[in-house]
Amino acid sequence: MNKIIYCVFLLFSIFLNAQNSQFNTKNTIPSISDLEATSYPEDSLANALYIYEEGFSEIDKDNDFDLVTTYSAKIKIFNKEGFDEANIQIPIRKNDQNSEKVINLKASTYNLKNGKRVKHTLDPEKIYTEEFENYDLKKFTFPDVKPGSILVYSYEKISPFIFDFTTWKFQDYIPKAYSKFTAKIPANYDYYTTIKGYLKLKKDSVSVVKSCIRFSPNATAADCVQKIFVMEDIPAFKAEKFLTAERNYLSRIDFELKQITKLDGYVQKYTRDWEDVDKELKTDKSIGRQLKKDRLVEDLLPESVSSMPNNLEKARKIYKYVQDEFNWNEKYNIYADMNIRNILDEKTGSVLEINTILHNLYTSEGFNVLPVMSATRSKGFPTKLHPVLGDFNYFFVHLKLEEKSYLLDATEKNLDFGRLPYRALNKYARLMDFENGSSWIDIEPHDFSRFMYKDSLKIKPDGTSEGYSLQVTDGYHALNQRNGIEMLSPADIFKEITHPIESTYATNVEVSNKENLSEKLEVKFSLENRSQKINDKIYFNPFSFKFFTENPFHSESRSYPIDFGYKDSYLYMASIEIPEGYKITSLPETKNLRIQGNEASLRFTATKFQENIVKIQCLLSFRRSLYPTEFYDALRKFFDQILEVQSQSLIVIEENT
């Protein structure tokens, strides 16, 4: 039996290898097997595939020591849904003085006709350039594209922007069978080389090329460092929920010029350290100078607030004053020119402007406050390797009071004191202390955002029920609900901000603490449930509302973390009274689910409290704001179990006989 199993396994392995070997991953020459292939074994649902991709970048003496990158690719189109891959865009950077150039662009489509390879070459007249302010796009569409086509193209890009060597993107939105990049860098050019993403390299080698470049006719030839990176069987990047910027996780290699050592030994630096940046920002007219203009806001606060001692209550009132008085224009503008006087008059401003006023009010009142530079979730994580100001697009305030630290952003009307908007929850930020030096700080919320349901229902003999539901939220759940309620009529609140089951509807809505942000938000619904009686039995779902309506995770695997942004908990409690003359014949079974120890858990119980009362309690907790990639499969199954508990936990009752 063991021999039979071994033979079957061996044959299966040979079959898989044969399937993979149908693609020519050695070069861009389309093989007959490339053309005949109808799917990619590693991803049978892929609409298209990069069979082969290669890039080579070097500082080229024949092009005035500009950066020259040679690129070539071979793409397989499996079906009509993959036709979008036939539309090529090549970005071309530019500024007021310089621009990149693309030369020797060639593209051909290959199809299989009567068992022979047929080539259709792109007409150069069909290549055009679309111009934008800071970049252009060289664009074309492959001719004669059909399901089964092979697309091959190549070009050279000449770039004067040697500061950013070349960013090589291994991962894309379709899979790649083979991707190779070679960087040939003069030894006196020192670049930061950063490998991003979670996929592993097949090859990562470094070698020295002797006497590869001469910077002047009489100079000694310099050596080069040649780095070769290869990745194989690269899965398509599939964006799912609970993801920060895709650029954080797309597998790629970034290069950034640190310094060049000249022939005379002089070292020319291209990247700064944080000490240099702190000095620059301290005198910058958009940030540093404006943070010193606290005299402009000295008489802004009401006397009842400014006369208070500098305690937490006063800090809250200052924050609430800015929240109420100034309106965010939905712009960040952290590097734009700013005039505090205009903002004070117009009562409208950007993130930088409103939070600068908040900062200056605290400073004028004698609080210990510092500015914080950060990036939004959609922007991506700022690099910690060295200062890159372009990585930052957000600004808020750090207040230290009574040995505690508070992160404050006054741009959101419904945000409680000490909490950042969800868009700003991006792991870490830079605390800008211009006197003692800036530093990185953790900005992940450490408290739980909670959602509590408290239902009281009475079942009638006809299977209908009535009662009420009190829903209490705090943290980000309260923020989301307050934002939703703000634009809705009472009649629409039930439909828009809750997740009722199909048989549940509300007859009345009451909202408490909508304006009082320091208190939990309470929403109370009068409920009625449609009949759940079948024949002589009532099958009653104790959940009038759902935590989740669907599993947010659909992919079989995920190569990046699950970032909820904050820790989360839900508590569902229900007291259910059965009608007189009926008995309980079945209760839902107890569930006690955990993943990876106790990193997330669900505890569900249904208990007969009296002969005619059933008590339901369901506690769901996510104890991390961010779960590493290895948690994905467990979380995906966990959400399926949550949905099952919500939909299949039935109380069965029937008449006493």
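The values are calculated or read from the model by the stated rules, or taken from the named source; none is laboratory data. Small disclaimer: the values here were computed from a predicted structure and weren't measured. Every residue, glycine among them, receives a Cβ derived from its backbone with ideal geometry; neighbour counts consider all protein chains shown. Surface accessibility is based on the protein's heavy atoms, side chains included, excluding ligands, DNA and RNA. Shrake-Rupley method; radii C 1.70, N 1.55, O 1.52, S 1.80 Å.
Some values worked out for this structure:
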item: For the stretch 331-341, Karplus couplings with θ = phi - 60° (6.51, -1.76, 1.60), whole Hz, Gly/Pro x; result: 10, 9, 6, 6, 10, 7, 4, 9, 10, 4, 4
item: Segment residue 633-residue 118, length gained on full extension (0.36 nm per residue, minus Cα span); result: 180.9 nm
item: 3J(HN,Hα) from dihedral phi, the stretch 218-224, Karplus parametrisation 6.51/-1.76/1.60, rounded to Hz, x for glycine, proline; result: 9, 7, 6, 5, 9, 7, 10
item: By average C-beta atoms within 10 angstrom, highest first, the peptides 347-355, 628-636; result: 347-355, 628-636
item: Check: the chain dipole with +1 on Lys, Arg Cβ and -1 on Asp, Glu Cβ, in debye; result: 1780 debye
item: Unit charges at the beta carbon, dipole of the chain: most positive-side option, 646, 490, 355; result: 646
item: Packing-based ranking, highest mean first, of 462-473, 579-590 given that Cβ atoms within 10 Å are counted; result: 462-473, 579-590
item: Gap separating the Cα centres of the stretch 481-533 and the stretch 338-352, nearest whole Å; result: 36 Å
item: Rounded percent of accessible protein surface that carbon and sulfur make up, the stretch 469-626, 1.4 Å probe; result: 42 percent
item: Ranked packing of 315-325, 149-159, 489-499, most packed first, by mean Cβ within 10 Å; result: 149-159, 315-325, 489-499
item: Amide hydrogen neighbours beyond the local backbone of residue 66, cut-off 5 Å, H modeled; result: 60
item: Using alpha-carbon coordinates, inclination of helix 274-283 to the longest axis of the chain, degrees; result: 70 degrees
item: Nearest-0.05 FRET efficiency for residue 516 and residue 304, computed from C-beta distance (R0 25 Å); result: 0.85
item: Coarse-grained scattering of the chain at q = 0.07, 0.08, 0.12 Å⁻¹, given as base-10 log I(q)/I(0) from a Debye sum over alpha-carbon atoms; result: -0.68, -0.85, -1.29
item: Average accessible area per residue (Å²) across the stretch 260-344 - probe 1.4 Å, nucleic acids and ligands excluded; result: 61 Å²
item: Cα pair distances of the stretch 345-433 binned at 5 Å [whole percent]; result: 3, 14, 24, 25, 18, 11, 4, 0, 0
item: Projected-area mean, the stretch 382-458, by convex hull of Cα positions, square nanometres; result: 8.2 nm²
item: Accessible area per residue in Å² at 1.4 Å probe, computed on the stretch 359-506; result: 39 Å²
item: Alpha carbon centroid spacing (whole Å) that separates the stretch 209-283 from the stretch 362-391; result: 24 Å
item: Selection from 585, 83, 24 lying farthest towards where the dipole of the chain points positive, charges on Cβ; result: 24
item: Label-point separation in nm, residue 548 to residue 279, each point 7 Å along Cα→Cβ; result: 5.2 nm
item: Per residue Cα convex hull volume in Å³ - calculated over the stretch 416-537; result: 135 Å³
item: Alpha carbon convex hull of the stretch 532-657, projected area averaged over orientations, nm²; result: 8.6 nm²
item: Estimated inter-spin distance, residue 135 and residue 198, nm [label 7 Å along Cα→Cβ]; result: 2.6 nm
